[in-house]
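Enquirer: There's a structure below that I have some questions on.
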């Protein structure tokens, strides 16, 4: 009987230890992807597959396009933004959770480690090379963010004409509108993964990033950027 009691206590302690380790790994941020970019681009599945208002908003970060490719979506620390094209030079940015996405990636992060990016990191290629090294301490895809000033950034907003059908990336990008940002304070939310090409990253990169200006007046998918010195990188603890 004594042996059985010791065995039971040991099992309980081991179970608690495992649960603690699982919780520690989850604190790095578990990334969740809903549907896949490739199903939008190649199969034309443009309809909304997730309503953002159904997500846990605590420390929430996420990005994707608006259903039917009528805009871009970004969630920053529990606040959800939707951008839409008004003209070739103007856009609207609205704070709302009442919107759906045909694919979406998100994660909940409560604590961050902050560090300045190296002065040699000037653009997206440099950033990805830096993250390829830093990613070795993560066992899963992860969300990251950057805050600071950019000398220049190119962003786009999807604006597919109503009634369009899509069977290729070229068709999916019909109506896409590009915008240039210069010398502005911004926040950039990104998702990194080596295993999700075609799911939430394009085939030629491990990153998917959206940018929003500090004044929350401009937001879109980030295509190009030139970082100013002093940019801060945040990685989940």
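Read-outs throughout are calculated quantities, based only on the coordinates presented, and are distinct from any laboratory measurement. The structure displayed is predicted, hence computed values, not measured ones. Here Cβ is always computed from backbone atoms with ideal geometry, including for glycine, and neighbour counts include all displayed protein chains.
Enquirer: Label residue 162 and residue 185 with points 7 Å out from Cα along Cα→Cβ: what is the distance between them in nm?
Expert: It is 3.9 nm.
Enquirer: Still on this structure, I have one more. Within the stretch 165-197, name every residue whose backbone N is under 16 Å away from a label modeled 7 Å from Cα of residue 130 along the Cβ vector.
Expert: Answer for this model: 186-192.
Enquirer: Based only on other Cβ atoms within 10 Å, what is the fewest-to-most ordering of 173, 196, 221? Kindly include the intermediate steps, with their values, before the conclusion.
Expert: Values: 173 15, 196 18, 221 22.
With the fewest neighbours first, 173, 196, 221 line up as 173, 196, 221.
Enquirer: Now, a different point. Nearest 10 degrees is fine. How inclined is helix 124-134 to the longest principal axis of the chain, computing both from alpha carbons?
Expert: The answer is roughly 0 degrees.
Enquirer: Which of the peptides 62-74, 107-119 is most tightly packed, and how do the rest follow, judged by the mean count of other Cβ atoms within 10 Å per residue? Please report the intermediate quantities before stating the final value.
Expert: Working: 62-74: 23.8, 107-119: 14.5.
The peptides rank, most packed first, as 62-74, 107-119.
Enquirer: Rg/Rh for the chain: what does it come to with C-alpha atoms and Rh from Kirkwood?
Expert: The Rg/Rh ratio comes out at 1.06.
Enquirer: In addition: On a 0 to 90 degree scale, rounded to 10, what angle separates helix 2-26 from the longest Cα axis of the chain?
Expert: 20
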